[in-house]
Amino acid sequence: MSHATVTPKSANSLHGARLPKWFPWAVAAASVALGLGISTVAGLDSSIQWALIASLLFIVGSYAVAAAVEGKRQAKDRTATSLVWVAFLMAVIPLASLIWETVKQGVKVLDGFFLTHSMGVVADQEPGGGIYHAVLGTLEQVGIAALISVPLGILTAIYLVEYGRGKLAQAVTFFVDVMTGIPSIVAGLFILSLWIIMLDMGYSGFAGSLALCILMIPIVVRSTEEMLKLVPNELREASLALGIPKWRTILKVVLPTSIGGIVNGVMLAIARITGETAPVLLLVWGTSTINANPFDGPQASLPMYIYLQYSNGSEAAYDRAWAAALTLIAFIMILNLAARGIARWKAPKTGR
Amino acid sequence: MAKRIDVSGLNAYYSNFLAIEDISMTVEPRSVTAFIGPSGCGKSTFLRTLNRMHEVTPGGRVEGKVMLDDENLYGAGIDPVAVRREVGMVFQRPNPFPTMSIYDNVAAGLRLAGKYKKSELDGIVEKSLKGANLWNEVKDRLNKPGSGLSGGQQQRLCIARAIAVEPKVLLMDEPCSALDPISTLAIEDLIGELKEQFTIVIVTHNMQQAARVSDRTAFFNLAAVGQPGKLIEIDDTERIFSNPSVQATEDYISGRFG
């Protein structure tokens, strides 16, 4: 009997007023409308201004309404959610607009001809020409840099995680940290003075690759190190306890377990150095003709091509710069997607 | 095939910290020896000194003698990798290799140690899985990942992996502490069968388990936190649980400890 009298009361105390699901959307729509209205009245013509006003209204508005209807705690909860959404949009909108703008401007001259021809005899102010020489140069320079940096970086990380103890490991970690912070122009100047001035080797794609290595190695070491540290120690012990030597444990148990993450890190490092301009500008020198030999004579590369076309300043050159930028972004995006694909494919399996 | 372990005057350190002090005991072949004692008394550390896994921990080092039949595991020129092939180990938490299938997990020890004939591998995998009472449950999905099994099955997979390399001694570090009672029972039955072939040493916090599975029981204790762990006594399990010769053992077993 007592249950019958108590139950409805306790049910009531757990029951509070709830705003409907569409409430945040309604507040968002109202804030945008208000923001636009205020800007029009005040004569503000920048879209950033009305967007900031609308975001502020959205946060304040959802707190005020929720506090009135649902209570203070729920209102704070909603404010936190609103802040997260606003921050998310602030981060994504510039990115999306950048890609939109690049695609819009880039597709004008981006076609098969553009991708398969060099600037050759085309004068900078005239339309026509292409980026074949630059794509070739970028692929070769980045490819050589990756061939050198990836094995070096991964082996260094294996040393640091699996073997490194004491002073030497500390020193290596310290220098890797320092290298992470080296500005790309400094890496370029270093190779310039060492390779071109001291050793008198002349401008070449390979010199650019060397500078890119300086930038890439620390990224590969760092990301691989983090991935290796994620491999549970239990797996290493299980392997060692089976009488498997340490080097085979690393090769057959530790690396396969973390290979997805390592490949991902390597791809991100490649994406990062593909866009480097400064060292290439100093060391590869640039050319408008096709030079397939990275070891001899100036080459072109995509970032440098963009820079040169932009500084030329004519309408046709601007179009080419945008198209090259689009190509570069697409290349990096494909690399990232490939990295994700490999990471998913190689991830430790959990299914039955 | 099983071998006798004879430990004398063994100290184990983590850097400068003496974790276990002056342990001497004999582990009989073809029997189960259980280690009991409070947490932190050095049971697991001692177990790991028996296949040179202690030195895998940074700073870990050992003094003293561990004789496996007539070879000193800590003698000059002994290869720790060879020791671990003779003395296998099963860990507290099941740890199958996540990138490998059930079959590859069992075959891992042979394949990666590089000593096997391809034609024999299928037979060894089947024999080991049967030995670990897992064959009937997994025989239709040997190529599925080992991490898809239940906890108890994973632990039996780890046992199959350990016995596939045909060690002489099998060390088990609380092999049932992460398992439910039914899986525990399966593993205890398995231990009973395995002792026909192997020398088995098992660390356990479960007194009933020690009483059920072991022939001999060793009680470890430490004077205080920060003090080294010591072997208090080792005797036939029946005697330890009915009439131990040291008062501390009786206190611990009957729950009057601490």
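The values are calculated or read from the model by the stated rules, or taken from the named source; none is laboratory data. Just so we're clear, the structure is a prediction, and the values are computed from it rather than from any experiment. Here Cβ is always computed from backbone atoms with ideal geometry, including for glycine, and neighbour counts include all displayed protein chains. Accessible surface areas use protein heavy atoms only, side chains included; no ligands, DNA or RNA. Shrake-Rupley method; radii C 1.70, N 1.55, O 1.52, S 1.80 Å.
Is it true that some residue in the stretch A:257-277 is free of Cβ contacts under 8 Å to residues at least 60 places away in the same chain and within 14 Å of chain B (Cβ to nearest Cβ)? Yes, the stretch A:257-277 has at least one match.
Candidates B:Val106, B:Val90: the one that is in contact with a Lys or Arg (Cβ under 8 Å, 6 or more places away or on another chain), more than 8 Å from every other protein chain (Cβ to nearest Cβ) and under 14 Å from A:Ala241 (Cα atoms) is B:Val106. With respect to being in a helix (DSSP H, G or I) and either open to solvent by less than 10 Å² (accessible area, probe 1.4 Å) or not hydroxyl-bearing (Ser, Thr, Tyr) (or both), A:Ala292 falls outside the description. Of the residues making up the stretch A:200-239, those that are among the acidic types (Asp, Glu) and more than 14 Å from chain B (Cβ to nearest Cβ) number 3. For the stretch B:161-185, the candidate set comprises residues that are of a type outside the set (S, T, N, Q), open to solvent by less than 30 Å² (accessible area, probe 1.4 Å) and assigned to a helix (DSSP H, G or I); within that set, the residue that is nearest to B:Asn221 (Cα to Cα) is B:Ala162. For A:Ala11, the conditions (1) assigned to a helix (DSSP H, G or I); (2) modelled with pLDDT under 85; (3) out of contact with any Gly (no Cβ under 8 Å at 6 or more places or on another chain); (4) open to solvent by 60 Å² or more (accessible area, probe 1.4 Å) all hold with the exception of (4).
A quick yes/no check of all residues on (1) out of contact with any Cys (no Cβ under 8 Å at 6 or more places or on another chain); (2) of a type in the set (Lys, Arg); (3) buried (at least 21 other Cβ atoms within 10 Å of the Cβ):
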position	(1), (2), (3)
B:Ile23	yes, no, yes
B:Ser31	yes, no, no
B:Gly37	yes, no, yes
B:Arg48	yes, yes, yes
B:Arg52	yes, yes, yes
B:Glu55	yes, no, no
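Just a yes or no: is a residue in the stretch B:93-110 open to solvent by 20 Å² or more (accessible area, probe 1.4 Å) and within 19 Å of the chain's Cα centre (by Cα)? Among the residues of the stretch B:93-110, at least one is open to solvent by 20 Å² or more (accessible area, probe 1.4 Å) and within 19 Å of the chain's Cα centre (by Cα), which makes the answer yes. In the stretch A:240-251, of all residues being at the interface with chain B (Cβ under 7 Å from one of its Cβ atoms) and either among the hydrophobic types (A, V, I, L, M, F, W, C) or in a helix (DSSP H, G or I) (or both), the one that is most open to solvent (accessible area, probe 1.4 Å) corresponds to A:Arg248. Of everything in the stretch B:93-103, what is more than 7 Å from every other protein chain (Cβ to nearest Cβ) and under 16 Å from B:Lys144 (Cα atoms)? Give them in sequence order. Passing the criteria: B:Pro96, B:Met100, B:Ser101, B:Ile102, B:Tyr103.
Looking across B:Glu174, B:Glu196, one residue alone is under 17 Å from the mean Cα position of the chain (by Cα) and either at positive phi or free of Cβ contacts under 8 Å to residues at least 12 places away in the same chain (or both). It is B:Glu174. Scanning the stretch B:111-125 for residues that are facing chain A (nearest Cβ under 9 Å) and open to solvent by less than 20 Å² (accessible area, probe 1.4 Å) gives a single hit, B:Leu112. Looking only at the stretch A:154-193, how many residues end up being over 24 Å from the mean Cα position of the chain (by Cα), farther than 30 Å from A:Leu251 by Cα and surrounded by 14 or more Cβ atoms within 10 Å (Cβ to Cβ)? Residues meeting the conditions: 4. Hey, any hits in the stretch A:28-43 for a residue that's assigned by TED's automatic domain parsing to the domain that holds A:Ala75, at pLDDT below 85, open to solvent by 70 Å² or more (accessible area, probe 1.4 Å) and outside any helix (DSSP H, G or I)? No; the residues of the stretch A:28-43 include none that is assigned by TED's automatic domain parsing to the domain that holds A:Ala75, at pLDDT below 85, open to solvent by 70 Å² or more (accessible area, probe 1.4 Å) and outside any helix (DSSP H, G or I).
Which residues, counting only those in the stretch B:61-87, are in a strand (DSSP E or B) and within 13 Å of chain A (Cβ to nearest Cβ)? Passing the criteria: only B:Val87.
Somewhere in the stretch A:257-267, is a residue open to solvent by less than 30 Å² (accessible area, probe 1.4 Å) and either touching a Pro at 6+ places or on another chain (Cβ under 7 Å) or assigned to a loop (DSSP other than H, G, I, E, B) (or both)? Yes, the conditions are met somewhere in the stretch A:257-267.
Restrict the check to the stretch A:111-131 and report whether at least one residue is free of Cβ contacts under 8 Å to residues at least 60 places away in the same chain, open to solvent by 10 Å² or more (accessible area, probe 1.4 Å) and among the aromatic types (Phe, Trp, Tyr). Checked against the condition, which is being free of Cβ contacts under 8 Å to residues at least 60 places away in the same chain, open to solvent by 10 Å² or more (accessible area, probe 1.4 Å) and among the aromatic types (Phe, Trp, Tyr), the stretch A:111-131 yields at least one hit.
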